[in-house]
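Okay, structure first, notes after.
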Amino acid sequence: MAYEKLAEIIINSDNIVFLGGAGVSTESNIPDFRSEDGLYAAKNEYGYPPEVLISRSFFDRNKEVFFDYYKKNLVCLDAKPNPAHYALAELEKMGKLKAVVTQNIDGLHQMAGSKKVYELHGSVHRNYCMKCHKFYSAEEIMAMEGVPRCQCGGIIKPDVVLYEEGLDDDVWNGAYSAIRNADVLIVGGTSLVVYPAAGLVGIYRGNKLVLINKSETQYDSEASLVINDKIGVVLSQVMEEVRKECK
């Protein structure tokens, strides 16, 4: 019944925005942070918790350890989009989905075909020299030993938002506007505990809030529909009905 209701909501709207978190990519075998199998729960060899290892102050004072941890745990170049990514890209192509707002840095939404993606926390696929601003791909960074350095001698920094850093204003404003003006907001694969991203749900002004997550969230009582399951499983099944009705 819940799947049918979600299909109906999607079929009757052409102004949907999707807000997603790490749970969207776990089905692509990318670990999240807070689950039992996430990076926060796993022991590491460095003696620091992940939120310290990927903070700006740690990057500034210990780049060797930062990049060793970053490359081993946050860059997953073998990962491929899963059914959730492809379903969202298809909804955008159908003219129903206006934007994806993601907390993920893996670039899988774009790989699946999504065009309008607001990456709140940046992307591992964009890297820039801190001195001359030359661009480097994730593949180039991974091929460099130790601390990645530009041809000019400058240090190359991933374009990801580290702890202690602020979000990009243009990305934040775009995401804020898209969610505020959406008719339907689908939130998936996020526990909604990471701010400021979690606060975006609070600025949604519509009356069709859909939450898809394996566990409960603080916004469940405010939602029109709550589905506790994997986002890829849900969207792949719902899309079958959507395609029938929207040929």
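The values are calculated or read from the model by the stated rules, or taken from the named source; none is laboratory data. Predicted, not measured: the structure shown is a model, and the values here were computed from it. Backbone-built Cβ (ideal geometry, glycine too); neighbour counts: all protein chains shown. The accessibility values were calculated without ligands, DNA or RNA, using every heavy atom of the protein model including side chains. Shrake-Rupley method; radii C 1.70, N 1.55, O 1.52, S 1.80 Å.
Take the alpha carbon atoms of region 205-234, find their center, do the same for region 48-79, and report the distance between the two centers in whole angstrom.
31 Å
Normalising by the residue count of region 73-146, find the relative contact order in percent from Cα pairs under 8 Å and 6+ residues apart.
Over region 73-146, the number comes to 27 percent.
Excluding ligands, DNA and RNA, what is the solvent-accessible area per residue of region 163-247 at a probe of 1.4 Å, expressed in Å²?
Solvent-accessible surface per residue comes out at 52 Å².
May I ask you to list the GluC sites (Glu not before Pro) in region 66-151 that are in a DSSP loop and have at most 13 other Cβ atoms within 10 Å of their Cβ?
GLU145
Please work out the FRET efficiency for the pair GLN237 and GLU140, using the Cβ-Cβ distance as r and a Förster radius of 41 Å; give the result to the nearest 0.05.
Plugging the Cβ-Cβ distance into 1/(1 + (r/R0)^6) gives 0.55.
How many percent of the accessible area of the chain is carbon or sulfur, using a 1.4 Å probe?
Ligands and nucleic acids excluded, carbon and sulfur give 47 percent.
Pop the C-beta distance of LYS116 and LYS5 into the FRET formula with R0 = 30 Å and round what comes out to the nearest 0.05.
0.75
Which entries of LYS93/LYS208; LYS71/LYS134; LYS134/LYS230; LYS116/LYS214 show an alpha-carbon separation above 28 angstrom in the structure shown?
LYS134/LYS230
With the crude spin-label approximation of a point 7 Å out along Cα→Cβ, what separation in nm comes out for TYR195 versus SER57?
A separation of 2.0 nm, rounded to one decimal place.
Restricting to Cα pairs below 8 Å that are 6+ residues apart, what does the relative contact order work out to for the chain? Please round to a whole percent.
25 percent
Counting each DSSP H run of 4 or more residues in the chain as -39500 (n - 2.57), what helix-only mean residue ellipticity at 222 nm follows after dividing by all residues, to the nearest 500 deg cm²/dmol?
It lands at -9000 deg cm²/dmol.
Hey, got the dipole for the chain? About the Cα centre, +1 on K and R Cβ, -1 on D and E Cβ, debye to the nearest 20?
520 debye
Across region 229-238, in residue order, what do the Karplus-derived ³J(HN,Hα) couplings come to in whole Hz, using 6.51 cos²θ - 1.76 cosθ + 1.60 with θ = phi - 60° and x for Gly and Pro?
So the Karplus estimates, Gly and Pro as x, are 7, 5, 4, x, 5, 5, 5, 5, 6, 5 Hz.
If you plug each phi of region 61-74 into the Karplus form 6.51 cos²θ - 1.76 cosθ + 1.60 with θ = phi - 60°, what whole-Hz ³J(HN,Hα) values come out, in order, with x for Gly and Pro?
9, 8, 5, 4, 5, 3, 6, 5, 5, 4, 5, 6, 10, 10
Using only Cα atoms, tell me the angle between helix 169-180 and the longest principal axis of the chain; keep it within 0 to 90° and round to the nearest 10.
10 degrees
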